[in-house]
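The values are calculated or read from the model by the stated rules, or taken from the named source; none is laboratory data. Since we're looking at a predicted model, the values are computed, not measured. No Cβ is skipped: glycine too gets one built from the backbone with ideal geometry, and neighbour counts run over all protein chains shown.
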Amino acid sequence: MGAPAKEVHLNHGDSPEPCDESALRSTTGATSTTAGTTTGTTDTTGTTGATGTTTGTSTIGTTDASGTTTGTTGTTTDTMGTTGTTDTTTSPADTTTGTTNTTGTITATSTFTPLETVTNVRDFGATGNGTSNDTAAFERAMAEAARVGGVVYVPAPGNYRIASVTPPNNTHLEVQAGAVLKKYGTNSGPLFNIEGPNETTYAQNIHIEGVGGNFTIDLYDAGQETGAIRYRNVRGFSLRNMLCIQNNDNPTQEAPSSRRPCISFLPTTAGGEPIDGELENIHSVRSPYGWGLTQVSGGENLRFFNISSEGGVPLRLENYSNNWTPMSNIVADGVTCKNGHDAVHMNPHGATHTGPITIKNVVADSCESALSIAGDGTYGPDTSIDGLTVIPGNTAQIRDPGPGGYVGAWIVGPSPWCVDARTTSYNILLSNVNCEGLGNRP
């Protein structure tokens with residue numbers, strides 16, 4: 001990948017982040033038989049009419065207002081339509097299928113699917129008015145949901161301001177598309193701390209998901225030291241369908257530009273780390289050069305699918321030099337950088353990671369490079385990227401070559417490299433690479 005070069009810390013590697021920081025469930029109902037009972041008339045739009053029973057004297061073959069008479073002489077049975085067809089009336093929570101037999105008896109099998117228990121944060125005091133502190137309301141709703149089972153629901157529209165919310169075990173937070181979560185107050189720290197109650201005890205089974213589309217975590221006015229979510233000693237977690245807005249207004253990387261990733265994976269001082277996690281359909285915008293969507297300082301069995309960053313870096317596998325645990329069994333598929341720094345950024349800062357690390361389908365669209373590798377250390381013998389595509393452009397974030405200033409300062413210009421290779425300490429196996437005429441950094 002080129003001759004050895006003096007290690008350049010690509011951003012903040014030696015400045016560690018402070019460490020103190022309605023689904024449906026199906027149940028099958030009973031089978032019932034009703035003779036000579038009208039169960040309603042289904043019109044052409046699927047609307048079910050009133051329920052009623054008509055009993056009287058008639059002659060076989062006489063047609064009443066809602067169907068063909070199928071009972072015996074003397075009894076008119078309304079069968080919800082023409083005899084012999086299957087009448088299906090569906091509502092979101094109750095599906096009933098009726099079959100008419102030759103004797104005029106309807107046998108109905110009903111599958112009733114009650115809504116899972118839903119705990120709405122507004123029922124616990126959340127306002128979503130964009131100014132009030134909704135932290136306590138979120139925590140009360142999560143505690144109640146953990147007690148009774150079910151999900152915590154954040155409705156839209158609403159701008160909810162929270163700070164350092166720590167979900168309990170078995171939390172499933174569903175945020176409606178269109179809802180926005182923002183930082184409350186001026187203290188540093190993330191909106192969500194996903195971690196155990198102490199340095200050695202793991203949090204378990206915590207999931208955050210946008211429903212009906214992506215929800216938003218907006219960090220634009222949150223201050224430089226604020227991230228969206230920090231995962232530490234947690235086992236079994238997921239994050240899906242989220243957009244993170246950062247701040248890159250100041251290309252010197254000074255205030256108000258963000259100096260934290262949207263999502264960080266950090267160990268505890270006792271060696272706890274994120275284990276068994278999955279992120280899918282997660283994106284950031286307005287990200288600064290030295291930061292971006294994610295940063296991994298350690299973890300095991302972590303999976304990333306369809307992630308992107310407009311500005312900055314979507315997948316940063318760069319640990320802090322004095323705060324890391326081995327990265328092992330890391331998988332990523334679908335990693336895109338747009339008008340940013342790199343799609344994949346790697347620097348172990350002397351750490352020994354075990355791997356394997358398997359990355360597929362990387363795209364850098366008008367970025368400084370598709371892949372940056374630097375620093376001493378290793379990612380293990382089985383680290384690979386299959387499918388690396390560069391789309392050169394003129395709106396890449398490029399490290400400011402001027403002397404002085406913050407290491408993450410940038411300028412905007414044309415894409416210079418395919419692979420920014422500044423180390424020979426470790427190897428990355430590359431396959432199916434399309435550099436579109438760009439060379440690697442010498």
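For (1) polar (S, T, N, Q); (2) closer than 21 Å to R259 by Cβ, each residue gets a yes or a no:
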| position | (1), (2) |
| --- | --- |
| P157 | no, no |
| S164 | yes, yes |
| L173 | no, no |
| A177 | no, no |
| Y184 | no, yes |
| G196 | no, no |
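If only residues of segment 343-363 that are over 17 Å from F305 (Cα atoms) and in contact with a strand residue (DSSP E or B) (Cβ under 6 Å, 6 or more places away or on another chain) are counted, the one that is surrounded by the most Cβ atoms within 10 Å (Cβ to Cβ) is M346.
From the set of residues in segment 272-310 that are among the polar types (S, T, N, Q) and within 26 Å of Y202 (Cβ to Cβ), which is surrounded by the fewest Cβ atoms within 10 Å (Cβ to Cβ)? Only one residue tops the list, namely N301. For the criterion of being among the aromatic types (F, W, Y) and touching a Phe, Trp or Tyr at 6+ places or on another chain (Cβ under 7 Å), Y320 fails. For segment 229-285, the strands (runs of 3 or more DSSP E) that sit wholly inside it and include 1 or more residues that are touching a His at 6+ places or on another chain (Cβ under 7 Å) are 234-245. When T269 is tested against (1) buried (at least 18 other Cβ atoms within 10 Å of the Cβ); (2) under 17 Å from E195 (Cβ atoms), just one condition goes unmet, and that condition is (1).
Which residue out of T424, T395, T389, T383 is among the β-branched types (V, I, T), in contact with a strand residue (DSSP E or B) (Cβ under 8 Å, 6 or more places away or on another chain) and more than 19 Å from T336 (Cβ to Cβ)?
None of the others qualify; the one that does is T383.
Could you go through segment 193-205 and let me know if any residue there is assigned to a loop (DSSP other than H, G, I, E, B) and at positive phi. Looking through segment 193-205, none of the residues is assigned to a loop (DSSP other than H, G, I, E, B) and at positive phi.
Checked against the criterion of being touching a Phe, Trp or Tyr at 6+ places or on another chain (Cβ under 6 Å) and farther than 24 Å from L243 by Cβ, the candidates R161, R140, R147 yield just one match: R140.
Note on segment 179-209: residues that are in contact with a strand residue (DSSP E or B) (Cβ under 6 Å, 6 or more places away or on another chain) and either hydrophobic (A, V, I, L, M, F, W, C) or surrounded by 24 or more Cβ atoms within 10 Å (Cβ to Cβ) (or both) total 10. Residues that are in contact with a Ser or Thr (Cβ under 8 Å, 6 or more places away or on another chain) and farther than 16 Å from V344 by Cβ within segment 383-399 comprise P392, G393, N394, T395, listed in sequence order. Of the strands (runs of 3 or more DSSP E) lying entirely inside segment 343-407, those carrying at least 1 residues that are modelled with pLDDT of 95 or more and under 22 Å from N248 (Cα atoms) are 357-365, 369-374, 396-399.
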